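Here the structure is laid out as structure tokens; the discussion comes afterwards.
The values are calculated or read from the model by the stated rules, or taken from the named source; none is laboratory data. Computed from a prediction, not measured in an experiment: that's the story for all the values here. Counting neighbours? That spans all protein chains shown, and the Cβs are built from the backbone with ideal geometry, glycine included.
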Amino acid sequence: MAGAGLSCAVIARELAEAGHRITVLEKRLHVAGNCHTERDPRSGVLVHVYGPHIFHTDDEEVWNLVNRYVTFRPYVNRVKATTGGRVFSLPINLLTINQFFGKTFSPSEARAFIESRADRSITEPKSFEEQALRFIGPELYEAFFKGYTLKQWEVDPKRLPASILKRLPVRFNYDDNYFFHRFQGMPEEGYTPLVQRLLDHPNITVHLGEGLAAADVARFDHVYWSGPLDGYYGFDEGRLPYRTLDFERFEGEGDIQGCAVMNYTDASVPYTRITEHKHFAPWESHERSVCYREFSRHCGPEDIPYYPVHLTEGDALLQRYQARARNERGVTFVGRLGTYRYMDMDVTIRAALDVARAALAG
Ligand code: UDP
């Protein structure tokens with residue numbers, strides 16, 4: 001396995017239980033990839049080191065799997081947004097609409113009002129912007145999505161796919177749960193113990209601080225590659241675009257912002273959001289608090305890739321790498337970076353289970 005994130009950990013476990021001997025090579029000094037969590041030594045707060053991760057899924061098998069390894073606590077992600085000097089509730093819901101427009105709409109009134117603001121000439125929204133203008137209208141789009149999206153992706157929302165916006169619900173009631181899924185929670189001790197326990201099997205050996213070079217793939221019967229797809233090929237066709245994140249850490253006493261995630265949706269504020277980590281574990285109590293201010297930027301060669309950047313016009317470079325990947329025999333590309341997909345943790349686990357089962361079946 002090249003990498004010790006969720007994808008490789010799940011595949012390693014499935015294959016190890018079927019009797020295969022697995023070597024996991026991870027170039028970082030910890031497992032769990034970008035969902036790694038660790039305790040801040042001074043405050044004791046559990047920190048989502050690479051940004052906020054909330055587990056949510058409709059996939060019962062995936063939910064049962066993660067609950068076999070660690071204890072999940074109920075957690076509902078409720079995000080707030082600051083725009084124009086005021087604070088609103090996200091995702092867009094009846095409270096957001098009523099407060100933003102200074103109204104007291106009922107659900108059906110709000111629905112009719114938003115529909116009257118929407119651009120109904122857009123019948124099949126393809127881009128992020130068309131999706132927004134069709135379903136929430138220009139005012140809410142400008143206030144909550146345009147600036148944040150420009151900061152997050154540095155691409156005109158006309159060139160981003162509608163699927164990015166479809167991650168977020170719009171609700172005409174007061175439900176402010178960020179996700180639609182049936183199951184949602186936080187691992188009591190963070191995500192790193194989940195990955196450690198997945199990897200804790202007599203047939204699995206983990207080497208930290210040791211990456212796998214593509215040239216060494218032939219040493220193994222089969223390699224599961226969860227590093228960047230273009231990195232496997234030494235970037236010989238050019239670099240696929242990724243976004244990376246920078247976190248500016250600050251701390252203080254008590255409760256700094258009153259919630260786990262506050263988005264800053266105006267383009268004039270340089271960061272996208274502030275995460276106050278202690279609120280991800282409301283069952284714990286800490287006197288001090290740790291916050292991360294999150295900045296998104298183009299991912300350079302030395303940076304950690306976080307988000308693949310897909311554009312509506314398609315990507316010939318990606319298609320060339322994907323065509324080569326399909327023809328590989330001893331290598332399977334997995335995970336967010338290996339498949340160049342914007343996947344949530346549950347989708348990552350589902351995809352990994354499918355890959356492992358296909359390997360065992362075939
Ligand atoms: N988004 C936005 N404003 C917000 C929150 C999200 O414009 O307040 C857009 C932005 O383009 C972002 C996308 O919706 O990249 C998906 O948001 P999500 O919260 O799912 O992003 P993640 O937590 O995965 O970074």
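Below, the figures for the structure above:
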item: Qualifying residue in region 86-102 (condition: in contact (Cβ under 8 Å) with a residue 40 or more places away in the chain and in contact with a Cys (Cβ under 8 Å, 6 or more places away or on another chain)); result: no
item: Pick from region 268-296, criterion surrounded by fewer than 14 Cβ atoms within 10 Å (Cβ to Cβ) and more than 21 Å from Phe55 (Cα to Cα), ranking: farthest from the chain's Cα centre (by Cα); result: Glu287
item: Residue list for region 297-319, filter: surrounded by 16 or more Cβ atoms within 10 Å (Cβ to Cβ) and either over 22 Å from the mean Cα position of the chain (by Cα) or of a type in the set (D, E, K, R) (or both); result: Asp315
item: Which listed residue, of Leu160, Leu165, is within 8 Å of the ligand (Cβ to nearest atom) and either modelled with pLDDT under 95 or in contact with a Cys (Cβ under 7 Å, 6 or more places away or on another chain) (or both); result: Leu165
item: Filter result for Phe72 (away from the ligand (no atom under 16 Å from the Cβ) and either among the hydroxyl-bearing types (Ser, Thr, Tyr) or under 28 Å from Val290 (Cα atoms) (or both)); result: yes
item: Hits in region 37-69 (condition: crowded, with 19+ Cβ neighbours inside 10 Å, in contact with a Lys or Arg (Cβ under 8 Å, 6 or more places away or on another chain) and closer than 16 Å to Gln196 by Cβ); result: Leu46
item: Set Thr275, Thr332: member being away from the ligand (no atom under 15 Å from the Cβ), assigned to a strand (DSSP E or B) and out of contact with any Ser or Thr (no Cβ under 8 Å at 6 or more places or on another chain); result: Thr332
item: Exclusive hit being within 16 Å of the ligand (Cβ to nearest atom) and outside the structural domain of Thr149 (by TED's automatic domain parsing), set Val170, Val206; result: Val170
item: Among the candidates Thr123, Thr149, residue that is away from the ligand (no atom under 15 Å from the Cβ) and of a type in the set (Val, Ile, Thr); result: Thr123
item: Condition broken by Pro91, with the remaining ones in (1) within 16 Å of the ligand (Cβ to nearest atom); (2) out of contact with any Pro (no Cβ under 7 Å at 6 or more places or on another chain) satisfied; result: (2)
item: Test set (1) away from the ligand (no atom under 13 Å from the Cβ); (2) closer than 25 Å to Leu6 by Cβ; (3) in contact with a Lys or Arg (Cβ under 8 Å, 6 or more places away or on another chain) - Phe250 fails condition number; result: (2)
item: Flag if Thr82 is polar (S, T, N, Q), in a strand (DSSP E or B) and within 13 Å of the ligand (Cβ to nearest atom); result: yes
item: Qualifying position, being of a type in the set (D, E, K, R), free of Cβ contacts under 8 Å to residues at least 24 places away in the same chain, at negative phi and surrounded by fewer than 19 Cβ atoms within 10 Å (Cβ to Cβ), among Arg239, Arg182, Arg197, Arg219; result: Arg219
item: Out of Asp221, Asp230, Asp246, sole residue that is among the acidic types (Asp, Glu), outside any loop (DSSP other than H, G, I, E, B), modelled with pLDDT of 95 or more and more than 30 Å from Phe88 (Cβ to Cβ); result: Asp230
